[in-house]
Amino acid sequence: MIISKTVRLSGGSSDSIEDAIRTVLARAAVTIRDITRFDVVHVSGQVDSAGVPTDFEVVLDITFKVRESMSRE
């Protein structure tokens, strides 16, 4: 039986929404193994005085498999 767990993480980028997602997933992968999916919960951003987007922030639900043993593989 496969058991999964979901955690909520947020992060941002000054480049794009896609880059913000990649940044959060890459950082999560440093400490979380077996990530299987993500869901975008919220997207927001900042704009400058000319109305140009300058910062992008995302909130993600990240799902990963729960290991059956405590081995350090």
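General remarks:
- Just one residue in the set Val30, Val47 is in contact with a Pro (Cβ under 8 Å, 6 or more places away or on another chain) and either surrounded by fewer than 11 Cβ atoms within 10 Å (Cβ to Cβ) or basic (Lys, Arg) (or both); that residue is Val47.
- Residue list for region 1-20, restricted to those being part of a strand (DSSP E or B) and within 13 Å of Gln46 (Cβ to Cβ): Gly12, Ser13
- Scan of region 1-23 for residues that are farther than 15 Å from Asp61 by Cβ and in contact (Cβ under 8 Å) with a residue 40 or more places away in the chain, ordered by number: Ile2, Ile3, Gly12, Ser13, Ser14, Asp15, Ser16, Ile17
- Residue in region 29-41 that is touching a Gly at 6+ places or on another chain (Cβ under 7 Å) and either modelled with pLDDT of 95 or more or among the aliphatic types (A, V, I, L, M) (or both) present: no
- Tabulated pairs, region 24-52, first in a strand (DSSP E or B), second surrounded by fewer than 12 Cβ atoms within 10 Å (Cβ to Cβ) and among the charged types (D, E, K, R), C-beta under 9 angstrom, 6+ apart or interchain: Val41/Arg8
The values are calculated or read from the model by the stated rules, or taken from the named source; none is laboratory data. Please read all numbers here as calculations on a predicted model, not as lab measurements. A quick note on method: Cβ atoms are made from the backbone with ideal geometry, for glycine too, and the neighbour counts reach across all protein chains shown.
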